[in-house]
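The values are calculated or read from the model by the stated rules, or taken from the named source; none is laboratory data. Owing to the predicted nature of the structure, the values given are computational and were not obtained by experimental measurement. Cβ placement follows ideal geometry from the backbone for every residue including glycine, while neighbour counts extend to all protein chains displayed. Keep in mind that these areas ignore ligands, DNA and RNA; they rest on the heavy atoms of the full protein, side chains included. Shrake-Rupley method; radii C 1.70, N 1.55, O 1.52, S 1.80 Å.
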Amino acid sequence: MRDQSNALFFIDAYNLLYKLDGIDQYIEQDHSAARTLLYREFKNLAGINVNQIKLVIDGGRLTDEEPLPGMSVIWVSLPEKADDRIIKLLLRE
């Protein structure tokens, strides 16, 4: 396995949310709860520091949303989409 200690992970939050069992049910009902559960999932990842994650989210920041300390979260507003922002970020890295 490769050393991932210096890796950066660019993640489209909603693409991931729809794939995670137990979280996907909250997406349509409660965006804040879904995002909070996603942040907790990242906290539990073994071997990956949250400082290595750049999470890109379609839509603005919710008032009660609390990302993990040290995690880079980028909220994208229309007409731009998270996928497009990730491409821009990758081209800069």
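Taking the listed residues 18, 26, the one that is closer than 25 Å to residue 90 by Cα and surrounded by 11 or more Cβ atoms within 10 Å (Cβ to Cβ) is 18, with no other qualifying. Scanning segment 39-69 for residues that are open to solvent by 40 Å² or more (accessible area, probe 1.4 Å), part of a strand (DSSP E or B) and not acidic (Asp, Glu) yields a single hit, 54. Would you mind stating whether residue 23 is within 12 Å of the chain's Cα centre (by Cα) and among the β-branched types (Val, Ile, Thr)? No, not satisfied.
Yes/no matrix, rows are residues, columns are (1) over 13 Å from the mean Cα position of the chain (by Cα); (2) at negative phi; (3) charged (D, E, K, R):
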position	(1), (2), (3)
12	no, yes, yes
30	yes, yes, yes
33	yes, yes, no
49	yes, yes, no
57	no, yes, no
62	yes, yes, no
78	yes, yes, no
89	yes, yes, no
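Residue check: residue 77 meets all listed conditions (1) within 16 Å of residue 16 (Cβ to Cβ); (2) at pLDDT 85 or above but one, namely (1). Looking at this structure, is residue 90 surrounded by 15 or more Cβ atoms within 10 Å (Cβ to Cβ) and either assigned to a helix (DSSP H, G or I) or among the small types (Gly, Ala, Ser) (or both)? The answer is no for residue 90. When the residues of segment 11-36 are filtered to those that are outside any loop (DSSP other than H, G, I, E, B) and of a type in the set (Val, Ile, Thr), the one that is farthest from residue 74 (Cα to Cα) is 36. Residues of segment 70-79 include none that is touching a residue at least 24 places away in the same chain (Cβ under 8 Å), open to solvent by 40 Å² or more (accessible area, probe 1.4 Å) and not in a helix (DSSP H, G or I).
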